[in-house]
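Q: I have a structure I would like to understand better, so I am pasting it below and will then ask my questions one at a time.
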Amino acid sequence: MATGTKKGSSACQSGQTAFAARLLGRFAAVAAADNNNLIFSPLSIHVALALMSTGASGDTLAEILAVAGAPSREELRAFVRAAVIDRVLADQSGAGGPIVAFACGAWTDRRVPLRPEYHDTIVGTFKGSATTVDFKDKPVESRVQINAWVAEVTRGLITEMGKWRDPFSKEHTIDHQFHRLDGSTIDVPFMQIWCDQKIACYDGFKVLKLPYKTMDVDRASPDFDWTQLNPQSLIEKMTSSPNFLHDHLPSEFVPVNEFRLPRFKLTYGGSIVEDLESLGLILPFHPLTANVSEITEVDTTDDGPIYVSDVIHKAVVDVNEEGSDAAAATESDDDCGFSLDYEPPKQVDFVADHPFAFFMIEETSGSIIFAGHVLDPSRE
């Protein structure tokens, strides 16, 4: 690989990490203000920006690249193809690993044909679908067609992840108290296990890393982990220092004493335009400022100039005894023990019974696939 290509990929990866941290800060603040749980996919939103950049030019393109943290459109496109499409989103089910279903498509009205170059980029680079429909005269039928396609591509889910390397036993799941931010408590199912875990202990918080099951026949294959951090206030440190999460990931297994994680399922679906605008992405969403002339053969229609009217994001995470979709960490007052000479290592307690942040990471590339926080495991 050429040096320039390596530098571009490294810059795009750093940009993706910084973008994920900024998004986390925005989403977490909004969710916490309403005392809501949070789940979103920084990776898929970053890919959406890459797709958007393919059809943009001028100041609109510059703004997209600045928010995405990419040096150029070409480098961003190459990074998404190599690090995301061909690696993170590769089907690992044959090796026992996770399956990440990703729906990438462009749907345009039949009166506004796509430029051949844009069509080829969607299909070739992003492995997506480019289709024309009749939005004006058949809006309901068009929506049904799009929804059916998304359901087929994602197997009816947003993600279908693999199993934990060391799955929990359902017969050991018991109810325990979870302490909410307002000081109240609620009984929820907690999963338990007693085998060694990857846990790192720091001043005021701990980090857990749960690896997914893989056959490990090819070290070049994606390496997925679920990571959990507590307290929830650590999100502030992560947003101010994008490498905070990666710098604090545990690397060694330690023996555990009490080890409990709550089961939970979270969903999110809705427009994220205001969130992207808060990060500085403004021009694409306004008809008088957007320059997305490289998407279609025409610049205007009977309804006015072409612009990005909305960005809809949906994510689902379901954490149970067999597996899950993300990564997380939690806090405790216990010290972390380690082996010194022949002294047996000290057992570590890890009990996620307070609000925590979680992440699903592909470690080799550093891509954060899912992120969020749990304030109340009983609420979806």
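The values are calculated or read from the model by the stated rules, or taken from the named source; none is laboratory data. As the structure is a prediction and not an experimental result, all values here were calculated from the model. Cβ: placed from backbone, ideal geometry, glycine included. Neighbour counts: every protein chain shown.
Q: Kindly indicate which of Asp59, Asp86 is part of a helix (DSSP H, G or I), over 17 Å from the mean Cα position of the chain (by Cα) and either among the charged types (D, E, K, R) or at pLDDT 90 or above (or both). Quick ask: steps written out before the conclusion?
A: Working: Asp86 fails: over 17 Å from the mean Cα position of the chain (by Cα).
None of the others qualify; the one that does is Asp59.
Q: Of all residues being among the acidic types (Asp, Glu) and within 23 Å of Ile361 (Cα to Cα) in the stretch 37-88, which is surrounded by the fewest Cβ atoms within 10 Å (Cβ to Cβ)? Just the residue, please. Spell out the reasoning first.
A: The first filter runs over the stretch 37-88 and keeps only residues among the acidic types (Asp, Glu), leaving 59, 63, 74-75, 86.
Cutting the leftovers down to within 23 Å of Ile361 (Cα to Cα) gives us 75, 86.
Details: Glu75: 20, Asp86: 12.
Checked the stretch 37-88; the qualifying residue surrounded by the fewest Cβ atoms within 10 Å (Cβ to Cβ) is Asp86.
Q: Right, something else. Scan the stretch 241-271 for residues that are buried (at least 20 other Cβ atoms within 10 Å of the Cβ), under 21 Å from Ser41 (Cα atoms) and either in contact with an Asp or Glu (Cβ under 6 Å, 6 or more places away or on another chain) or of a type in the set (A, V, I, L, M) (or both) and jot them down.
A: Leu245, Leu266
Q: Could you run through the stretch 135-176 and say how many residues are modelled with pLDDT of 80 or more, closer than 27 Å to Arg263 by Cβ and surrounded by 12 or more Cβ atoms within 10 Å (Cβ to Cβ)?
A: Final tally of qualifying residues: 7.
Q: Then there is this: Under the condition of being modelled with pLDDT of 75 or more and exposed (fewer than 13 other Cβ atoms within 10 Å of the Cβ), which residue from the stretch 202-240 is nearest to the chain's Cα centre (by Cα)? First the steps, then the outcome.
A: Step one: list which residues in the stretch 202-240 are modelled with pLDDT of 75 or more, which gives 202-211, 235-240.
Still in the running and exposed (fewer than 13 other Cβ atoms within 10 Å of the Cβ): 203-204, 240.
Working: Asp203: 27, Gly204: 26, Ser240: 18 Å.
The selected residue is Ser240.
Q: Among the listed residues Asn257, Asn291, which satisfies the condition of being under 23 Å from Lys136 (Cα atoms) and among the polar types (S, T, N, Q)? Walk me through it before giving the result.
A: On the way: Asn257 fails: under 23 Å from Lys136 (Cα atoms).
Within the list Asn257, Asn291, the selection yields Asn291.
Q: Exactly one condition in (1) loosely packed, with under 13 Cβ neighbours inside 10 Å; (2) assigned to a loop (DSSP other than H, G, I, E, B); (3) at pLDDT 85 or above is not met by Asp310; state its number.
A: For Asp310, the failing item is (3).
Q: At least 1 residues that are among the β-branched types (Val, Ile, Thr) and not assigned by TED's automatic domain parsing to the domain that holds Gly55 in each: list the helices (runs of 4 or more DSSP H) lying fully within the stretch 232-306 that qualify. It would help to see each step written out before you state the result.
A: On the way: elements: 234-240, 244-247, 273-278.
Of the helices (runs of 4 or more DSSP H) lying wholly inside the stretch 232-306, those with at least 1 residues that are among the β-branched types (Val, Ile, Thr) and not assigned by TED's automatic domain parsing to the domain that holds Gly55 span 234-240.
Q: Just to be sure, is Ala18 modelled with pLDDT of 90 or more, within 30 Å of Pro377 (Cα to Cα), small (Gly, Ala, Ser) and within 14 Å of the chain's Cα centre (by Cα)?
A: On the way: modelled with pLDDT of 90 or more: yes; within 30 Å of Pro377 (Cα to Cα): yes; small (Gly, Ala, Ser): yes; within 14 Å of the chain's Cα centre (by Cα): yes.
Yes: the conditions hold for Ala18.
Q: Search the stretch 313-334 for residues being modelled with pLDDT of 75 or more and not charged (D, E, K, R), and hand back the single one that is nearest to the chain's Cα centre (by Cα). Quick ask: steps written out before the conclusion?
A: Taking the stretch 313-334 and keeping what is modelled with pLDDT of 75 or more, we get 313-320.
Then drop every residue that is not not charged (D, E, K, R), which leaves 313, 315-317, 319-320.
Numbers: His313: 11, Ala315: 8, Val316: 10, Val317: 10, Val319: 15, Asn320: 18 Å.
Restricting to residues being modelled with pLDDT of 75 or more and not charged (D, E, K, R), the top hit is Ala315.
Q: Scan the stretch 362-375 and report the pairs whose first residue is farther than 19 Å from Val319 by Cβ and whose second residue is among the aliphatic types (A, V, I, L, M) and not in a strand (DSSP E or B), with Cβ atoms within less than 6 Å and a gap of 6+ or a chain change.
A: Ser365/Ala83; Ser367/Leu43; Ser367/Val88
The rows are residues; the columns are (1) at pLDDT 85 or above; (2) over 27 Å from Phe259 (Cα atoms).
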site	(1), (2)
Pro287	yes, yes
Phe338	no, no
Gln347	yes, no
Ala357	yes, no
Ala371	yes, no
Arg379	yes, no
